[in-house]
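No lab work stands behind these numbers, since they all come straight from the coordinates. This is a predicted model, so every value here is computed, not measured. Don't worry about glycine lacking a Cβ; one is built from the backbone with ideal geometry, like all the others, and counts go over all protein chains shown.
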Amino acid sequence: MRVVFIEPKPPFNLYYFLGQLPLLGNLYMGTILKEAGHEVHVLKENLHAAYYDRRDRLDPLVQQADVVGITATTHTVKRAYRIADAIKRRQPYTRVIMGGSHASALPEEALEHADQVVAGEGDPVIRDIVEGRKTDRVVTGMPPDLDTLPALDLSLLAGGPRGNGSKRLSIAPIMASRGCPYDCVFCSVTRMFGRRYRVRAPELVLEEVRRRYREGFRQAFFYDDNFAANRRKTKQFLRMLIDEDLDFRWSSQFSMQAADDPELLELLRRAKCHTLFIGLESVNPQTLRDYRKHQTVKSIAEGMKQIRAAGLKVHGMFVLGGDTDTEETVNHTVDFARRIRCHTAQFSVLFPIPGTQLYQDMQRRRRIFVDDWEAYDGSHVVILPERIRPFRLQKQILRAYKRFFNTSWQRWVASRLGILLWWFTNQKYWRFLKHFDRSGRYDKVKAEAKRIAKQSTQSEASPAQGDTGETATGTATAS
Ligand code: SF4
């Protein structure tokens, strides 16, 4: 069968502008199907468009496909639905399957645009779905044993009319683990991959590194959400990588706990890891507790010293707009990021990803005031902050970048350009937010959210009235 996987392109935002890395799910499923004898192409829309809106034309690869799989995040799901609708309108005989974190959390919504939805990990079930052995409208993919997954076949990536998309990647995508033992309130990783941390056999990961090296890659990004959560296996892999002595530099995501282990840091440096992407999140202790982060401001500062002493860089990721955040704590967070000498930093707004506890809470408390999924990318305010007005918080986020990246003229220019581009491409949202803030709508929504919060506090405080309270809250939410 001819199968095409699509990764819809995101609307512009501050972060995606910087990265061109493909989602791994499509590549894994594609590799599995190719090994089973199917003809497969993976279209990452940043490299090769799947659908041309203005001409209402699908790419020839999509036109010839028997099955199209579309994997989207919340931020890209509107584009995914547009592509799925175009396929169904123009060639209704093509089967459309949707997957990814958003469809996994809201399968009913995705089913309005697709024949089938894969909830969870698609690699163990994709062959049965494509070959017609699994025909349920929603198929749940259980977490696979990572050692059974094949090494990624990057030649599946289409790039331009004749090219091989992988040639346009400068950084190799590699995965050594899935899942995370923590459960931060805003994070979708444990909903998607579970809290049981799974690690691939170090030999298999090393084999994949060698393969990427032979293909000409000299840089990689390990997609792991928490690279060193299993210290023993991580160290085993790092020692093997050091023994290989390849000219191969890489980076990955870590939790701050990695900094407690000097041996691990030393191995990382010797294995040519250059940057640790770490969720530092906040300088506000209560916000860290609210996010369920297993770290304190002191442990962050200490950890940063250790990491820097080991000769490694940190890309600090902060999430601003928690319930106890004020304009002052937001400013302090930026000062802190500079003081602890993060090499680079990312300041996201707290936003509720469907499927997370934060999303459920915010929905129940009626604090979501933007329902356009395209704005769910961490650069737009979409929920009512408790102690800052939304428009002020949005301005603070942009200001955070200005303040953080003013240490050299190159950084100054790059950050101003990024902000300007964001501002130009988000004019509609900007006007909406300004109007929301100044027209009195903010006060109405805030008053309603307060009323619901009070109601649920009362029902929690009075168990005898618990049932009544819950019903009242539920009714209010649904109405
Ligand atoms: S530590 Fe990182 S990956 Fe793990 S749950 Fe928290 S935010 Fe998600």
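Brief remarks on what is shown
- Counting beta carbons within 10 Å around each of D115, D225 and listing the fewest first gives the order D115, D225.
- Each of S415, S439 was scored by other Cβ atoms within 10 Å of its Cβ. Listed from fewest to most, they are S439, S415.
- Violating pairs (Cα-Cα greater than 24 angstrom) within the set K402/K434; K298/K450; K34/K272: K298/K450; K34/K272
- Our note on the geometry: Cα centres of segment 21-57 and segment 175-202, 25 Å apart.
- Exposed-site-free run, longest, the chain (rule: trypsin sites (Lys or Arg not before Pro); DSSP loop; at most 16 other C-beta within 10 Å): 388-479
- Computed lengthening from I242 to R270, 0.36 nm per intervening residue step minus Cα-Cα distance: 9.4 nm
- Pairwise centroid distance, computed over Cα atoms, of segment 287-313 with segment 214-248, Å: 22
- Partnerless Cys - the chain, beta-carbon criterion under 4.7 Å: C180, C273, C342
- A simple spin-label model places pseudo-atoms 7 Å from Cα toward Cβ; at R168 and D261 they are separated by 3.9 nm.
- Estimated from the Cβ-Cβ distance and a Förster radius of 41 angstrom, the FRET efficiency linking D145 and M1 is about 0.95.
- Placing +1 on the Cβ of every Lys and Arg and -1 on the Cβ of every Asp and Glu, with nothing else charged, gives segment 266-361 a dipole about its Cα centre of roughly 800 debye.
- Qualifying lysines (Cα of each under 18 Å from Cα of K428; at least 8 residues distant if same chain): K78, K395
- Additional length obtainable on full extension of the chain from R57 to H343, 0.36 nm per residue less Cα span: 98.6 nm
- By the count of neighbouring beta-carbon atoms within 10 Å, fewest first, I388, I70, I383 end up ordered I388, I383, I70.
- The C-alpha radius of gyration of the chain, expressed as a fraction of 2.2 N^0.38 Å, stands at 1.00.
- Spin-label pair A453-T135: with each label point 7 Å from Cα along the Cα-Cβ axis, the two points sit 5.1 nm from one another.
- Note on K434/Q64: beta-carbon distance plugged into 1/(1 + (r/R0)^6) with R0 of 60 Å gives a FRET efficiency of 0.80.
- Semi-axes of the equivalent ellipsoid for segment 2-144, Cα gyration tensor, largest first, Å: 21, 17, 15
- A Förster distance of 30 Å, applied to the separation of the beta-carbon atoms of D183 and E109, puts the FRET efficiency at 0.80.
- Equivalent ellipsoid semi-axes, segment 170-350, via Cα gyration tensor eigenvalues times 5, rooted, Å: 29, 17, 14
- Label-point gap, in nm, between R195 and E207 - each point 7 angstrom along Cα→Cβ: 3.3
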